[in-house]
Number of protein chains: 2
Amino acid sequence: VPLPHSLEWTAEREALQDAETAVLAVPTRYFRDVVSGFSGILPPSCGIVSVAKGLDAASRERMTVVARDVLHCERVAALSGPSHAEEVARDIPTAVTVASNDPDHARAVQEMFAGRTFRLYTTNDVAGVEFGGAFKNIAAIAVGVSDGLGFGDNTRAALITRGLAEITRLGCALGARTETFAGLSGMGDLIVTCTSRLSRNRAIGERLGRGESIDEILGSTQQAAEGAWNCAIARTLARERGVDVPVTDEVYALVHEHKRPADAVTSLLQRDLKAE
Amino acid sequence: VPLPHSLEWTAEREALQDAETAVLAVPTRYFRDVVSGFSGILPPSCGIVSVAKGLDAASRERMTVVARDVLHCERVAALSGPSHAEEVARDIPTAVTVASNDPDHARAVQEMFAGRTFRLYTTNDVAGVEFGGAFKNIAAIAVGVSDGLGFGDNTRAALITRGLAEITRLGCALGARTETFAGLSGMGDLIVTCTSRLSRNRAIGERLGRGESIDEILGSTQQAAEGAWNCAIARTLARERGVDVPVTDEVYALVHEHKRPADAVTSLLQRDLKAE
C-alpha cells in the first residue's frame, strides 16, 4: 500500500514543528506507519487528537496508545461520536465526545472544534471512547447482514442492543468505564453506524447479506473497512479476557471463514431462551 | 370515548372465568376503565400480561400496578421490546423482554409466546420494563421533530442517546434498575421507535416539525398517541423526584404550550458545553 510522502515537503514539516495541536485522521490499518513519519518532527508538547476508529493489528492497541508510543507526546485525545462527515459538512446539528488523559487538553479541543451546529462533550475515559469507536463497526456489519437478508426494524434493534451489551462487556474488561458506552461515542455512534445509509461498514454487511462474497466487496471499495479488519483483533482480545462476544464471533466467521449470512444471523437470534 | 361492551357477551365472560393467562392490550388512556370491566370475572389466580406502553394519567401508575389494583391478580407481567406488530405478523425475527414479579410466571409467558422468529428474555424488573416502554414514546416525538425539520442521522443519534440517559435517570429515580434500560425493553425499543417509519409517535413529531399544529395531528389519527399523553405525567414525576428531563420538558412545551419546533430542538442541542 503506498503511503503519503507529504512529510518530505518542507512547508508541512515547518508547520508541524510549531504545532500546538495535531489531528490524526488516518485509517487504523495505516496509522502506525503514517504517524511514524512525524516522529522527531512534532514537538512532545503538541496535543494529539485522534479521530481514527479501530485498533492496531500488530499490537492490538488503541490509536492514542500508538500515537504516544511513536510520537512521545504527553497529551493525547480521542474525538468520536455520531458524526457522518457528509452531514457535518452540511451544518446538520451534531454532538460528539472528546476524551483526553489531560482535562485541560480535552477542554482546549472542545473549544477549538465547537461551532453553532457542532457540539463536543468532554470525558477522561479515553479507552472507553476509542473502544466504542472501534467495536461499533463490527456490530454494524452484523446489522447490515440482517438488512441485506430482508429482516426488519425489530431485528435491527435487537442486534444493536445485543451489540452494545457486547461492546460494553469487552470494553470494560479492557479497562474502560460502563457509562462511556451509554454516551455519544458508544451508543450514539453505534446507532448512527447501524441505521444510516451513509455507513460504510453497514453497507459491507448489507452486500454480504445479499449474497456477494467478502473478497468481491472488499476488492470493490477504496474506503476503510474498519469492522472487517477489526473483528479478528476484537475476537482475540475477547478470548484473552474470557469475554463472550457472539456478534463479533459471527462477523469473524462471515469475513474470515465464509460462513453463510443466513446461518450467522440465525446463530445470533436462536440462542437458548434465557434471562436477559 | 366509547368503551367496548364485549364483557356483556356470555361467551367471553365464560372464557375469562377459567383463564390461566390474560393479555391486556389496551391503550393506557382507556386501560383502567376497560380492565375494570373484568373485575370479579377474572380469577385472582389468572396470570396477567400487560403489553400497554404508558402510565395511568390519574394515578401516574404503571399498567401492571393498575391491573393488580383493579383485578387483585397476584402474578403480573409486562411484555415489551422492539416489536412493531406489522413485522411480527410477517415473521421478521424479533426479540423482546418479559418481566414479572414471579419468575415462574415470566418463564411460563416466555414459553407460551416463543416461536421460531419471536424470542423472549425474562427479567424481574417489571418497573424498568414498563418505564422504558412508557418514556420512549416521548423521546420518539423529539426525534420525529428533528426529522421533520430536516436534520440528519447525526442529530437523531444524539437525541436518542440523550433520550435514553434521561429515561434511565427518571426510571431509576422511580425504583427501576439501570441495566434494564440498556436492554431490549429500554434501548432496543427506543431505537426502533425513533428510527422506524412504522412508529406512530415519531410520525407525530415529524408532522410537528413540518409545521402542522398538534391539534390538527391528534385530531387526524385514531391511533394511540402515548408520547403526547404521557409527557405531562413524566414531567410531573420528574419534578417530584428532582430529576432533570430536558427532552421531556421540550416535548411537553411542543404538545401543551405550542412551542415552535425549531426552538425546542435548538434548546435541546444548544445547552452549555460541558462534560458528558
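The values are calculated or read from the model by the stated rules, or taken from the named source; none is laboratory data. All of these numbers come straight from a predicted model, not from anything done at the bench. All Cβ positions, even for glycine, are placed from backbone atoms using ideal geometry, and neighbour counts span all protein chains on display. For accessibility, only protein heavy atoms count, side chains too; no ligands or nucleic acids. Shrake-Rupley method; radii C 1.70, N 1.55, O 1.52, S 1.80 Å.
Laid out as a table, the results:
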{"quantity": "Selection within the range A:211-226 - open to solvent by 10 Å² or more (accessible area, probe 1.4 Å) and either out of contact with any Asp or Glu (no Cβ under 9 Å at 6 or more places or on another chain) or in a helix (DSSP H, G or I) (or both)", "calculated": "A:Gly211, A:Glu212, A:Ser213, A:Asp215, A:Glu216, A:Leu218, A:Gly219, A:Thr221, A:Gln222, A:Gln223, A:Ala224, A:Glu226"}
{"quantity": "In the range A:194-209, the residues that are part of a helix (DSSP H, G or I) and touching a Gly at 6+ places or on another chain (Cβ under 9 Å)", "calculated": "A:Cys194, A:Arg200, A:Asn201, A:Arg202, A:Ala203, A:Ile204, A:Gly205, A:Glu206, A:Arg207, A:Leu208, A:Gly209"}
{"quantity": "Yes/no for A:Ala15 being open to solvent by less than 50 Å² (accessible area, probe 1.4 Å) and either assigned to a helix (DSSP H, G or I) or within 14 Å of chain B (Cβ to nearest Cβ) (or both)", "calculated": "no"}
{"quantity": "Residue among A:Asp249, A:Asp244 that is touching a residue at least 40 places away in the same chain (Cβ under 8 Å), more than 14 Å from chain B (Cβ to nearest Cβ) and open to solvent by 30 Å² or more (accessible area, probe 1.4 Å)", "calculated": "A:Asp244"}
{"quantity": "Of all residues in the range B:227-259 being of a type in the set (Lys, Arg) and in a helix (DSSP H, G or I), the one that is nearest to the chain's Cα centre (by Cα)", "calculated": "B:Arg235"}
{"quantity": "Residue list for the range B:194-206, filter: open to solvent by less than 10 Å² (accessible area, probe 1.4 Å) and at the interface with chain A (Cβ under 9 Å from one of its Cβ atoms)", "calculated": "B:Cys194, B:Ser196, B:Ser199"}
{"quantity": "Of all residues in the range A:62-78 being surrounded by fewer than 24 Cβ atoms within 10 Å (Cβ to Cβ) and of a type in the set (A, V, I, L, M), the one that is nearest to the other protein chains (Cβ to nearest Cβ)", "calculated": "A:Val65"}
{"quantity": "Test for A:Gly40: is it within 14 Å of chain B (Cβ to nearest Cβ), surrounded by fewer than 22 Cβ atoms within 10 Å (Cβ to Cβ) and more than 26 Å from A:Leu237 (Cβ to Cβ)", "calculated": "no"}
{"quantity": "Condition met for B:Ala58 (of a type in the set (A, V, I, L, M, F, W, C) and in contact with a Phe, Trp or Tyr (Cβ under 8 Å, 6 or more places away or on another chain))", "calculated": "no"}
{"quantity": "Output for the range B:89-108, where each listed residue is without any contact (Cβ under 8 Å) to a residue 60 or more places away in the chain, farther than 15 Å from B:Val49 by Cβ and either open to solvent by less than 50 Å² (accessible area, probe 1.4 Å) or of a type in the set (A, V, I, L, M) (or both)", "calculated": "B:Ala89, B:Ile92, B:Pro93, B:Thr94"}
{"quantity": "Filtered residue count, the range A:100-116, keeping only those that are in contact with a Gly (Cβ under 7 Å, 6 or more places away or on another chain) and facing another protein chain (nearest Cβ under 10 Å)", "calculated": "0"}
{"quantity": "The range B:118-131 - residue that is touching a Lys or Arg at 6+ places or on another chain (Cβ under 9 Å) and closer than 20 Å to A:Gly152 by Cβ and, of those, least open to solvent (accessible area, probe 1.4 Å)", "calculated": "B:Tyr121"}
{"quantity": "For B:Ala58: the one exception among (1) over 20 Å from the mean Cα position of the chain (by Cα); (2) open to solvent by 20 Å² or more (accessible area, probe 1.4 Å)", "calculated": "(1)"}
{"quantity": "Failed item, numbered, when A:Pro82 is tested on (1) on the phi > 0 side of the Ramachandran plot; (2) under 15 Å from the mean Cα position of the chain (by Cα)", "calculated": "(1)"}
{"quantity": "Every residue from the range A:150-192 that is open to solvent by less than 20 Å² (accessible area, probe 1.4 Å), facing chain B (nearest Cβ under 9 Å) and not hydrophobic (A, V, I, L, M, F, W, C)", "calculated": "A:Gly152, A:Asn154, A:Thr155, A:Thr161, A:Thr180, A:Gly183, A:Ser185, A:Gly186, A:Gly188, A:Asp189"}
{"quantity": "Some residue of the range B:133-144 being at the interface with chain A (Cβ under 8 Å from one of its Cβ atoms) and open to solvent by 10 Å² or more (accessible area, probe 1.4 Å)", "calculated": "no"}
